[in-house]
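The next block holds one structure in the form of structure tokens; read it before the comments.
The values are calculated or read from the model by the stated rules, or taken from the named source; none is laboratory data. Small disclaimer: the values here were computed from a predicted structure and weren't measured. Note: ideal-geometry Cβ built from the backbone for every residue, glycine included; neighbour counts use all protein chains shown. All accessible areas refer to the heavy atoms of the entire protein, side chains included, with ligands and DNA or RNA removed. Shrake-Rupley method; radii C 1.70, N 1.55, O 1.52, S 1.80 Å.
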Amino acid sequence: MNHLPQAWGRPRDDVYGPYDASYLQSSHPQTHTQQPIVTGTSVLAVKFKDGVVIAADNLASYGSLARFTDVKRLRPFNSRAIVGIGGDVSDMQYLDRLLNSLDVTENYSSEGHGLNARNLHTYLSKVMYKRRSDVNPLWNQMLVAGLDGDDKPFLSSVDLLGTTFSSPTLATGFGAHLAQPLLRKVADDESQVSDVTREKAVDAVKECMKVLFYRDARSLDKYSIAVVTKEGGVELKEDEQLENQSWAFAETIRGYGRTQEV
Amino acid sequence: MTSIGTGYDLQNSVFSPDGRNFQVEYAVKAVENGGTCVGIRCKDGVVLAVEKIVTSKLLKPGANKRIATVDRNVGVVSSGLVPDGRHFVSRARDEASSWRSTYKAPIPLAALAGRLGGYVQAYTLYSSVRPFGVTAIVGGWDSEAELGVDGQVGSGPSIGAGGKVSGTKAGGPGLYMIEPSGLYWGYYGAATGKGRQAAKAELEKLDLASGNLSLEAGVREAARIIYVAHEDSKDKDFELEMSWISSTEGPTKGRHQEVPKDILEEAEKAAKKAMEGDDEEETTAAEGETMEE
């Protein structure tokens, strides 16, 4: 009698022989993700003197179709870390479940201090690099925002290759091209972060979300924004509307399918 | 036990002619010597408490926890062989995590208790294993809030077909006790271990079935009951460990957590005071030989 519980109730190897795993083989080669399918666009984040502000819109696109308009792409982890995820939405859902189970196992013990944003970023970078090394990447770029072990603001990025990158301001996707230069006006390097107030950071992120909505055809004017500070923890708002839009500049656009000047 | 020596107690899973499984009964004996555990199902949460006999002065106070968390909303405490209890907790965590990977939602407490009861019972069926030397108390709170599926990132279409019945009541407190035989029942108040008789007598006085006891009062009662149950082994020092799970609106927000230090100390102080009040009662002689945990 095999005393391993997982063998109970199964055909005995000594009577029936080991299971013939060749029946599990298929004639097709194993394939992996070649491209993202349902996607989220940019994630933006800015460090300020007491914390980090992070934002992403609520759209999941299916190609050029605005398929889902209430998708929450900022995933809070605990009271001092939040992850903003761009790229494939099903991979984002997998990552969300992974982080959920990580949080469950981390809380088995009441000792210690739990994971901070830096720990979480390291963990995610290992996950992403493992998957790219298996040639089966999770098709996402993520920003991890929150507080590090010294309760100092922390912001870092990890992408589908497992590449990590840190900066006082970060943007993924289309935002890396359009929003990043604008955000650098707020804080160009680490030494300037101490001069950035919460209001200034939030305003800069909101302004960039607006610029992105103007120019990124895969974006939406409904967005989520979160501020992480030591005092307030993660303050997440998931149903925000872009305000003070002005499409006057559109009049000046020439080309791109718009009727040429007569 | 007159049947001892007849040979029916030498192998697991073997019945005696009068229908008993002696190995299981011996496992129950191991439980009866363990530190007392108490669980109380209150109207807005569940309390778990354990009497930890201090077996050595070299043990760090407050370390070596005996109450474990399973998933986020379930606590497990057990009397009997501590390593068996740890394995039991490990299995409970595996069951909870496997449920999540299948159903993308937390395991309901009743389902967890059922899975664990089945697991423990399987250890009474084979000669290559021995039964669990623990009786475990499993307490938890099934969320009464509308929960999304794990990994859900949106709410889906606001119109279209739906199958949900509105206005149904879901969730609430749960308390189960699982014995070495695999037997498990749901309880309003559960006690096991050395002082279980005294503890059960105290629990019965609380009228838990009416559902009036608040979680805060439950914490004080649990502490007091552990002190009452300790009366018979007064010569030994002990540590009180307590945990609780409240409703989603309550102090732990539906999570299983240690009772905060200040509340625990207050409950212990009240328990000691209540014991002093009872001092005129004659203390009964300690039963049987002294046994290590």
Based on DSSP H runs of at least 4 residues, each adding -39500 (n - 2.57), what is the mean residue ellipticity at 222 nm of the protein assembly as shown after dividing by all its residues, to the nearest 500 deg cm²/dmol?
-9000 deg cm²/dmol
Anisotropy class of chain A from Cα gyration tensor, a/c 1.5 cut:
oblate
Please identify, among A:Gly112, A:Gly84, A:Gly173, the residue showing maximal mean-square fluctuation in a Gaussian network model of chain A using a 10 angstrom Cα cutoff.
A:Gly112
The stretch B:1-137: Cα Rg divided by the 2.2 N^0.38 Å rule of thumb:
1.20
Quick check: net charge around B:Ala111, other residues with Cβ under 10 Å of its Cβ, Lys/Arg +1 and Asp/Glu -1?
-1
Between A:Tyr62 and A:Tyr19, what's the calculated FRET efficiency when r is the beta-carbon distance and R0 is 51 Å? Round to 0.05.
0.80
Ranked output for segments B:103-113, B:49-59, B:9-19 by mean other Cβ atoms within 10 Å, highest leading, reads B:103-113, B:49-59, B:9-19
Modelling each spin label as a point 7 Å along the Cα-to-Cβ direction, I'd like the B:Asp237/A:Thr105 distance in nm, to one decimal.
3.7
Proximal charge balance of B:Gln152 [Cβ under 14 Å; K/R count +1, D/E count -1]
+1
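How much length would be gained if the chain were fully extended between A:His28 and A:His177, taking 0.36 nm per residue of separation minus their Cα-Cα distance, in nm to one decimal?
Length difference between fully extended and current span is 49.6 nm.
For the protein assembly as shown, what value does the Rg/Rh ratio take when both radii are computed over Cα atoms and Rh is the Kirkwood radius, given to two decimals?
1.07
With a Förster radius of 60 Å, plug the Cβ-Cβ distance of B:Phe15 and A:Lys185 into 1/(1 + (r/R0)^6) and report the FRET value to the nearest 0.05. Could you put the intermediate results ahead of the total?
Working: r = 82 Å, r/R0 = 1.37.
Taking R0 as 60 Å, the efficiency between B:Phe15 and A:Lys185 is 0.15.
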Formal net charge of residues neighbouring B:Gly172 (Cβ-Cβ distance under 12 Å; K, R +1; D, E -1)
0
Near A:Lys152, which lysines are there with a Cα under 20 Å away, not counting those fewer than 8 places off in the same chain?
A:Lys47, A:Lys49, A:Lys200, A:Lys230
Could you go through the stretch B:172-184 in sequence order and give the Karplus-derived ³J(HN,Hα) for each residue, using 6.51 cos²θ - 1.76 cosθ + 1.60 with θ = phi - 60°, rounded to whole Hz, and x for Gly and Pro?
x, x, x, 9, 10, 10, 10, 9, x, 6, x, 5, 9
Mean-square fluctuation maximum in Gaussian network of chain B, Cα pairs under 10 Å, restricted to B:Glu241, B:Glu276, B:Glu231, hits B:Glu276
Other protein chain Cβ atoms within 10 Å, averaged over every residue that makes up B:147-154:
6
For A:Phe77, which sequence-distant residues (separation of 5 or more, or a different chain) have an amide H within less than 5 Å of its own amide H, given hydrogens modelled in the peptide plane?
A:Ile82, A:Val83
If you wrap a convex hull around the C-alpha atoms of chain B and split its volume per residue, what is the figure in Å³?
174
Most mobile of A:Asn136, A:Asn107, A:Asn116 per a Gaussian network model of chain A (Cα springs, under 10 Å)?
A:Asn107
Accessible area per residue, 1.4 Å probe, Å², for the stretch B:80-138: what's the number?
39
What are the lysines whose alpha-carbon lies under 22 Å from the alpha-carbon of B:Lys43, with same-chain residues fewer than 8 places away excluded?
B:Lys169, B:Lys200, B:Lys205, B:Lys253
Cα lying deepest toward the dipole's positive end in chain B, options B:Val134, B:Pro173, B:Leu59, charges on Cβ
B:Pro173
Dipole of the stretch A:158-262, Cα-centred, from +1 at each Lys and Arg C-beta and -1 at each Asp and Glu C-beta, to the nearest 20 debye?
320
May I ask you to find the residues of the stretch A:88-121 that are shielded by at least 20 Å² of accessible area once the whole protein assembly is considered instead of their isolated chain (probe 1.4 Å)?
A:Gln93, A:Asp96, A:Arg97, A:Asn100, A:Asp103, A:Val104, A:Asn107, A:Tyr108, A:Ser110, A:Glu111
